[in-house]
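Reading through the structure tokens given below for one structure.
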Amino acid sequence: MPGEQQTPVNVNKASSVENETPVSDKLERMSEQDQLVAETPDTLKGQLAELFHAIRTRDDTSRNFLLRVVQPGLAGLMDGSVSTLAPIFATAFATHHAFYAFLVGIAAATGAGISMAFSEALSDNGELTGRGSPVIRGAITGIMTFVGGALHTLPFLVPDLHLALIIAYFVVAFELVLISAIRHRYFGTNWLISVVQVVGSGALVFAAAYIFGNA
């Protein structure tokens, strides 16, 4: 109405209130990262000693241990256990020869282990994040990737393909349950949700193996 004075809206104030919490969260995360960097030993030997000490004292729930050991190890185990399912079982279904599946499985596990080791080591040097030596993390990831891929490959050393497949199915089930247990133990993931997520991803890869193996 004429003569009525309108109260101006302070857009900047609303915006500042809206952004206040995210900014504080960012500053808190930056402070935690700076602390991790400061706590990281300077030498590779010192970092290894720190990790072995954590294992001996069972101090396996600290943030440092989770970032430097559990997370890279879990990433490798998940990749090795899931990604190698397709080439191994596709070969078994297509050739009906257990030893051919074994050769493909070992080759896939070795290649995936090397690839994941370099991927982890080269993606983060640890200087800004405080996640420790890239050599240690890369080695952990690579080894666990190979282990994850090799475990369900070993049953194909059994000459009888039908028996080898049955043993491999049980080994794969054990691997997926182990991954779910690690996620539940160290990262607080709901047990049922963790099982559904991990088994679901494995089922998708196995479906791909079945489709291509019977094409």
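The values are calculated or read from the model by the stated rules, or taken from the named source; none is laboratory data. On a predicted model such as this, the values are computed, not experimentally measured, just so you know. No Cβ is skipped: glycine too gets one built from the backbone with ideal geometry, and neighbour counts run over all protein chains shown.
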Considering only segment 141-174, how many residues are within 21 Å of THR110 (Cβ to Cβ), assigned to a loop (DSSP other than H, G, I, E, B) and not hydroxyl-bearing (Ser, Thr, Tyr)? 2
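Matching residues to (1) at pLDDT below 75; (2) part of a helix (DSSP H, G or I); (3) small (Gly, Ala, Ser); (4) on the phi < 0 side of the Ramachandran plot:
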position	(1), (2), (3), (4)
ALA49	yes, yes, yes, yes
PHE52	yes, yes, no, yes
ASP59	yes, no, no, yes
ARG68	no, yes, no, yes
ALA90	no, yes, yes, yes
PHE93	no, yes, no, yes
PHE99	no, yes, no, yes
PHE118	no, yes, no, yes
Give me the pairs, please: first residue somewhere in segment 171-195 and without any contact (Cβ under 8 Å) to a residue 24 or more places away in the chain, second residue anywhere and part of a loop (DSSP other than H, G, I, E, B) and surrounded by 13 or more Cβ atoms within 10 Å (Cβ to Cβ), beta-carbon distance under 7 Å, and either six or more positions apart or on two chains. VAL171/HIS152
Every residue in segment 187-215 that is closer than 22 Å to HIS96 by Cα and either within 15 Å of the chain's Cα centre (by Cα) or surrounded by 16 or more Cβ atoms within 10 Å (Cβ to Cβ) (or both), please. GLY202, VAL205, PHE206, ALA209, GLY213
Against the condition surrounded by fewer than 23 Cβ atoms within 10 Å (Cβ to Cβ), over 20 Å from the mean Cα position of the chain (by Cα) and farther than 25 Å from ARG137 by Cβ, how does PHE99 come out, does it pass? yes
Pick out the one residue from PHE174, PHE156 that is of a type outside the set (A, V, I, L, M), under 29 Å from THR91 (Cα atoms) and exposed (fewer than 14 other Cβ atoms within 10 Å of the Cβ). PHE174
Give segment 138-165 a look and list any residue that's among the β-branched types (Val, Ile, Thr) and under 22 Å from the mean Cα position of the chain (by Cα), or say none. ILE140, THR141, ILE143, THR145, VAL147, THR153
